[in-house]
Amino acid sequence: MVRRVAVVGAGVSGLAATKCCLEEGLEPTCFEQSEDIGGLWRYTDQAEDGRASIYRTVFTNSCKEMMCYPDFPFPDDHPNYMHNARLQHYICKYAEHFDLLRHIRFKTLVTKVKKRPDFSVTGQWEVVTQRDGKEETAVFDAVMVCSGHHVYPNLPLTEFPGIQKFKGCYFHSREYKEPEKFRGKKVLVVGLGNSGCDIAVELSAVASQVYLSSRSGSWVMSRVWDNGYPWDMLIITRFRTWLGNILPRALSDWLYVRGMNRFFKHENFGLMPLNRTSRKEPVFNDDLPSRIACGVVVMKPNVKEFRETSVVFQDGTVQDDVDVVVFATGYSYSYPFMEDESIIKSRDNQVTLYKGILPPRLEKPTMAVIGLVQSLGPIIPTSDLQCRWAVKVFQGRQGKPKSVLFSPPRRYGNSTTLQTDYITYMDELASAIGVKPNVLKLLLTDPQLALKVVFGPCSPYQFRLMGPGKWSGARKAILTQWDRTLQ
C-alpha cells in the first residue's frame with residue numbers, strides 16, 4: 001500500500017501533488033530547494049542554478065478563469081491576465097488555504113532518487129536530500145516529479161558557426177531580466193517562442209534596433225480575441241473540440257489557418273510557419289505585429305553564421321554592428337537526481353510516458369512525472385488532474401500502464417514538451433478517474449449548466465463538478481465565470 005509520497009519541487013504542480021495526496025489520505029513530503037513556493041513564477045533578480053528563471057515583465061498567456069486551480073478561483077477583482085507577482089500571490093494563498101506549507105521542506109535539494117533493492121516487490125524509492133550541507137536518506141512508497149521543464153537552458157552553439165569569433169555579448173534568454181542595459185544597442189533575438197517575442201518587443205522600446213530570427217516561423221496570437229474577450233474562453237470549448245474532431249482534416253486545417261490569420265496575414269510579416277497546418281503551441285504576443293509594422297523589430301530567417309561584429313542570415317542578408325545576441329532557444333529537460341535517467345527519458349530526447357505521466361518500464365507504477373505535457377490549455381488545471389489520476393494509480397485503482405511513446409515536435413533544437421489536445425487529454429484522464437462531466441445527465445437534470453459546459457469555455461471547474469474530489473462551488477463558478485471576466 002502506498003502511504004508516503006515524495007514530491008520533488010513546490011511550484012504549481014508540486015502544490016497540486018501535495019494537495020491531491022492529502023485528499024486521498026496519503027502522507028506527502030514536498031522537497032523544495034529554494035526558500036519559497038511558486039517555482040517558475042517566483043521572480044528573482046538573478047537566475048539561480050537548478051531553478052526556472054523569468055524576466056520581470058512576464059504575464060500569463062491563459063486567463064484567470066481558465067488557469068486557476070479547479071477548486072480555488074481567482075478573486076473577482078483580479079485582471080484576466082496576470083503579472084507574475086500577482087500569480088505568485090495567488091499560489092501562496094492556495095497553499096495557505098489548503099494548509100500545504102507544513103508538508104514542504106524548504107532549502108532542501110533532492111540529490112538522488114533510486115529504486116530500493118526490493119523495488120520489484122515493494123515499488124519503494126530511496127530519496128537522498130541535502131540541507132545545510134547535511135545529507136539525509138528516506139524511503140518513500142511513491143515519487144511525484146514536479147521539477148518543471150524550464151530549468152536547463154538549451155544553447156545549441158554548435159548550430160551557429162562562428163559564434164566563438166563574435167565580439168559582442170551573447171547569452172540565453174534565461175539570463176535576461178530587464179531591458180535598461182540594452183539602451184541604444186543593436187540586438188538580435190534568436191528564437192520565435194513566447195520568450196523570444198516578449199524580449200524582442202520589450203527591447204524594441206530602448207534598443208536602437210531589434211532583429212528577430214526564426215527558423216520555422218510561428219502563429220502569433222493576441223490574448224485579446226473577438227469583442228475583446230480572452231482568447232482561451234472563446235477557443236477552448238467542448239463544442240469546438242468536437243467539431244475539430246468530426247470535420248475532414250483538410251477543412252479543419254483550412255479553418256485553423258484562416259482563424260490564425262484573422263487579425264493579420266502572417267506571411268506579410270515574415271512570421272508564417274513553414275508547416276502552415278502545424279498545431280504546435282502558438283506564440284502569445286499582443287504587440288509584435290505593431291512593432292514589426294513600426295520597423296523597430298525586423299524579422300529575419302535563421303542565422304547562417306556569425307562574424308566578429310556582424311551576422312549572416314540564411315537568405316544571404318548581412319547585418320552589421322550587432323552588439324548583443326539573446327538566444328531564446330528553449331530548454332532541455334534533465335533529471336539530475338534520477339540515478340537511472342532512462343526511466344523517464346529514452347534515446348533521441350524522446351519521452352516514454354504512459355498518458356504523459358507514468359514511466360512504463362517500471363515493475364511497479366510508483367513514479368509520476370507531472371506537468372511535462374503541454375497543450376493549448378493552461379498548466380495548473382492540467383497538473384491538478386494529472387496528480388489526481390497518478391494518486392489513483394499509486395493506490396491500484398487504475399489498470400496497469402502500457403507504454404506509449406511521445407516524440408516531441410522539433411522547434412529550436414529538441415523541444416522537450418509533449419504536445420497534445422487539451423480537452424481530449426483532460427477528458428481521457430477525467431474519464432479514467434470518474435470525474436468527466438456527464439453531459440447527457442446534465443441535459444436532463446440541469447440544462448442551463450449543460451449548455452455552459454458544452455458551448456462555454458472548458459474551465460477547470462468542470463473537472464470538480466462530479467465524482468471523487470468534487471467541489472461544492474463548481475456549478476456556481478461555471479455559471480458566473482463570465483461575470484468575473486467582465487469585472
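The values are calculated or read from the model by the stated rules, or taken from the named source; none is laboratory data. For clarity, every value in this text was computed on a predicted model and none was experimentally measured. Glycine gets a Cβ as well: all are built from the backbone with ideal geometry, and neighbour counts include every protein chain shown. Quick note on the areas: whole protein, heavy atoms, side chains included, nothing else; ligands and nucleic acids left out. Shrake-Rupley method; radii C 1.70, N 1.55, O 1.52, S 1.80 Å.
Hey, which of these cross-link pairs are over 18 Å Cα-Cα: Lys355/Lys392; Lys177/Lys280; Lys19/Lys364?
Beyond 18 Å: Lys177/Lys280; Lys19/Lys364.
Tell me, what HN-Hα J-couplings in whole Hz come from the Karplus equation 6.51 cos²θ - 1.76 cosθ + 1.60 at θ = phi - 60° for each residue of segment 469-482, using x for Gly and Pro?
x, 5, 10, 5, x, 5, 4, 5, 4, 5, 6, 10, 5, 6
Cα centroids of segment 230-295 and segment 152-209: how far apart, whole angstrom?
About 26 Å separates the Cα centre of segment 230-295 from the one of segment 152-209.
Amide H neighbours of Met221 under 5 Å, at least 5 residues apart or on other chains, H built in the peptide plane: list them.
Sorted by chain and number, the residues that satisfy this are Val283, Phe284, Asn285.
Once the principal axes of the Cα atoms of segment 214-302 are found, what is the range along each, listed largest first in whole angstroms?
42, 28, 17
Heavy atoms only, probe 1.4 angstrom, no DNA, RNA or ligands counted: give me Phe59, Phe119 ranked by accessible area, highest first.
Greatest to least solvent exposure: Phe59, Phe119.
Set the bar at 32 Å for Cα to Cα. Now go through Lys93/Lys441; Lys112/Lys304; Lys107/Lys345; Lys93/Lys185 and name every pair that lies beyond it.
Beyond 32 Å: Lys93/Lys441; Lys112/Lys304; Lys93/Lys185.
Starting from the alpha-carbon convex hull of segment 1-129, give the projected area averaged over all orientations, in nm².
For segment 1-129, the mean projected area of the Cα convex hull comes to 9.0 nm².
As I understand it, the dipole of segment 235-275 uses +1 on the Cβ of Lys and Arg and -1 on the Cβ of Asp and Glu, about the Cα centre. Which of Asn275, Phe239, Gly259 lies farthest toward its positive end?
Phe239
Please state the charge dipole magnitude for segment 66-172, taken about the Cα centre, from unit charges on C-beta atoms (+1 on K and R, -1 on D and E), reported in debye and rounded to the nearest 20.
My answer is approximately 560 debye.
Which helices count as membrane-span-like in the chain under these terms: full DSSP H, at least 18 Å along the axis by C-alpha, Kyte-Doolittle mean of -1.0 or more?
Qualifying helices: 84-97, 379-394.
Using all Cα-Cα distances in the chain, what percent lands in each 10 angstrom bin from 0 up to the longest?
That works out to 4, 19, 29, 27, 16, 5, 0, 0, in percent per bin.
Can you tell me the dipole magnitude for the chain around its Cα centre, using point charges on the Cβ only (Lys, Arg +1; Asp, Glu -1), in Debye to the nearest 20?
About 1020 debye.
Out of the total accessible area of the chain (probe 1.4 Å, heavy atoms of protein only), what percent is carbon and sulfur?
Solvent-exposed carbon and sulfur of the chain make up 51 percent of the total.
Which ³J(HN,Hα) values in Hz, rounded to whole numbers, follow from the phi angles of segment 108-124 under the Karplus curve 6.51 cos²θ - 1.76 cosθ + 1.60, where θ = phi - 60° and Gly and Pro get x?
10, 9, 7, 9, 8, 10, 9, 5, 6, x, 9, 3, 5, 9, 9, x, 8
Provide the per residue accessible area, probe 1.4 Å, for the chain, rounded to a whole number of square angstrom.
43
Please list, ordered by chain and number, the residues whose modelled amide H lies under 5 Å from the amide H of Met299; skip anything fewer than 5 residues away on the same chain.
Leu212
Which whole-number value in Å³ per residue fits the convex hull of the alpha carbons of segment 113-252?
In segment 113-252, the Cα convex hull volume per residue is 303 Å³.
Starting from the Cα-Cα distance between Glu341 and Lys476, subtract it from 0.36 nm times their residue separation and give me the gain in nm to one decimal.
Full extension from Glu341 to Lys476 adds 44.2 nm.
Search the structure for amide H atoms under 5 Å from the amide H of Tyr354, placed 1.01 Å from N in the peptide plane, and list their residues when 5 or more places away or on another chain.
Excluding prolines and chain starts, which carry no amide H, the hits are Val404.
Each label point is 7 Å from the Cα along the Cα-to-Cβ direction; what then is the distance between the points at Tyr229 and Asp286, in nm?
Label-label distance for Tyr229 and Asp286, simple model: 1.8 nm.
For Lys300, give me every one of the aspartates and glutamates with a C-alpha distance below 13 angstrom, ignoring sequence neighbours fewer than eight places off in its own chain.
Of all the aspartates and glutamates, those that pass the test against Lys300 - Cα under 13 Å, at least 8 places apart if same chain - are Glu267, Asp315.
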